[in-house]
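The values are calculated or read from the model by the stated rules, or taken from the named source; none is laboratory data. Quantities reported herein were computed from a predicted structural model and do not represent experimental measurements. Using ideal geometry, Cβ is built from the backbone for each residue, glycine included, and neighbour counts are taken over all protein chains shown. Side chains included, ligands, DNA and RNA excluded: accessible areas come from the protein's heavy atoms. Shrake-Rupley method; radii C 1.70, N 1.55, O 1.52, S 1.80 Å.
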Amino acid sequence: MEFITQQHLMISPEKKGTDKLVKQSFPLRLGRYFEIRTPDFEFCFNLNGEIKSIRGLRPDWPHPAEQFKRTIGNDWIYYTVGDKSGSDGIISWMGEYYLPCLPYSSNPVWEINYFSNPVVMNAMGQWSQLFGTLYMANEKGLYPQARDLIERILANDDQKLYQRSRQLIEIIGGRVSVLPPDTRHVDYDIIPLTIADGCLYHCKFCCVKSDQAFQKRSQNSIREQIAALKNHFSSDIVNYHALFLGNHDALAAGPELICFAAQNAYDVFGLRPRVDQKPFLFLFGSVDSLLNSGHSVFEELNRLPFYTYINIGFESVDADTLADIGKPVTVEKVKQAFLKMLEINATYSFIEVTGNFVAGENLSPGHEESLGDLLKNADTARGKKGSIYVSPIKDSPKKRELLARFYGIKEESRLPVFVYLIQRL
Ligand code: SF4
């Protein structure tokens, strides 16, 4: 049902987008949501009435496909389509049609200063104005057809949205400081569940690590998180189709805990296949946790009702670089783990292991050469699963210049190669 109010609001109490995420040059809405349009802006809300996205509708908005998206961590991220929309545009290095411009410091190869565009920044002022309009409408008892929606939206003012993001951090016991690059396949919309804290290495170069030593969570902690998360996501949980098992090395937690967490979350959250697509499970692994996992581990994971992405931080196959970045693994181990990634991808239909390598202006010259060799000689005879992500070191100068070198590696690689943008939840 749609109707126009006296204040030129077009309110759609419930809309239905696509059932499964489809990659398109124009953002197709996914799942069920609410929408309010003014002559100048489109505002989308999730089923809890929390603001989710804002898109400009006037001709001076930078591009019809650009928008602000608010994450469950309460970050407003600006999605830009960049200045090229063809196959050599953002899609060629991100694997997606959009570049998320993050409102915090990260490792972008391409920074867009959207803050300086008053048309774009006006979106936030318009959101405040809409909130005020809805408040007045509710006070006067206007628009009874949309009363439930208006009340839900009013119950989620900026302070409440901030508190809810803090509550989420409390539930899982710490902020997710980085999401696996593969979560781009669900536009970073995941339900987080922590099954282990800390990591094995505490590498010198890493800007997302915690100080904690690696430690598994108990089954009890996982059960408690799942119950609290179901309550937290509330009505909107039906829109989720992906689970992230945190934190930095969930693979090291072992198959028993991974399967316990994944299966329980699947049951309690009501995750189900959509059309022909299984729900997604994302986790990080490390060189050692991958090498220490026997085939029985992957057989178990392959039987889960998920399509599982495991992202491994390889970083380099150059000894000088591994030493410079303070990654305590040997070149031999990295190579073995890389081969194991190819083998797992070829063997298991519902598991995809992907890998990260660093990039940076000041790395040893052997880094790019050895990485290029590794990727161009990768045995992909049994399929091309397993993307490689190149992640600029955060403080590396001249990140934009790295793109040209990235294309050099990508062109020669037998595996798909993309840039990894460090994005938190
Ligand atoms: S790169 Fe991974 S293993 Fe190394 S410190 Fe960061 S989170 Fe830990």
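Would you check if residue 261 is open to solvent by less than 30 Å² (accessible area, probe 1.4 Å), within 16 Å of the ligand (Cβ to nearest atom) and over 30 Å from residue 68 (Cα atoms)?
When the stated conditions are applied, residue 261 does not pass them.
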Requested in this report: Among the residues of the stretch 235-252, count how many are among the small types (Gly, Ala, Ser) and either crowded, with 24+ Cβ neighbours inside 10 Å or touching a Ser or Thr at 6+ places or on another chain (Cβ under 6 Å) (or both).
Outcome: 3
Report task. Report whether or not residue 293 is open to solvent by 40 Å² or more (accessible area, probe 1.4 Å), touching a residue at least 40 places away in the same chain (Cβ under 8 Å) and among the hydroxyl-bearing types (Ser, Thr, Tyr). Result -> no
Query raised in the report: Which condition number in (1) of a type in the set (Phe, Trp, Tyr); (2) closer than 30 Å to residue 361 by Cα; (3) within 16 Å of the ligand (Cβ to nearest atom) is the one that residue 214 fails?
Result: (2)
Report summary line: Within the stretch 52-95, the count of residues that are open to solvent by less than 10 Å² (accessible area, probe 1.4 Å) and hydrophobic (A, V, I, L, M, F, W, C) comes to 7
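Please specify each residue of the stretch 131-189 satisfying the condition of being among the aromatic types (Phe, Trp, Tyr), touching a residue at least 40 places away in the same chain (Cβ under 8 Å) and either in contact with a Leu (Cβ under 7 Å, 6 or more places away or on another chain) or within 16 Å of the ligand (Cβ to nearest atom) (or both).
We begin by selecting, within the stretch 131-189, every residue among the aromatic types (Phe, Trp, Tyr); these are 131, 135, 143, 162, 188.
Still in the running and touching a residue at least 40 places away in the same chain (Cβ under 8 Å): 143, 162, 188.
Selection gives 188 alone.
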Query raised in the report: Given the conditions (1) in a helix (DSSP H, G or I); (2) at pLDDT 90 or above; (3) surrounded by fewer than 19 Cβ atoms within 10 Å (Cβ to Cβ), which single one is not true for residue 334?
Result: (3)
**Report entry** Selection count where residues are at positive phi and not in a loop (DSSP other than H, G, I, E, B), scope the stretch 196-236
**Finding:** 1
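Could you check how many residues of the stretch 264-287 are more than 16 Å from the ligand (Cβ to nearest atom), part of a strand (DSSP E or B) and among the aromatic types (Phe, Trp, Tyr)? Give the steps one after another, and end with the answer.
Going residue by residue through the stretch 264-287, those that are more than 16 Å from the ligand (Cβ to nearest atom) are 264-281.
Those left that are additionally part of a strand (DSSP E or B): 274, 277, 280-281.
If we keep only those that are among the aromatic types (Phe, Trp, Tyr) as well, we get 280.
Within the stretch 264-287, residues that are more than 16 Å from the ligand (Cβ to nearest atom), part of a strand (DSSP E or B) and among the aromatic types (Phe, Trp, Tyr) number 1.
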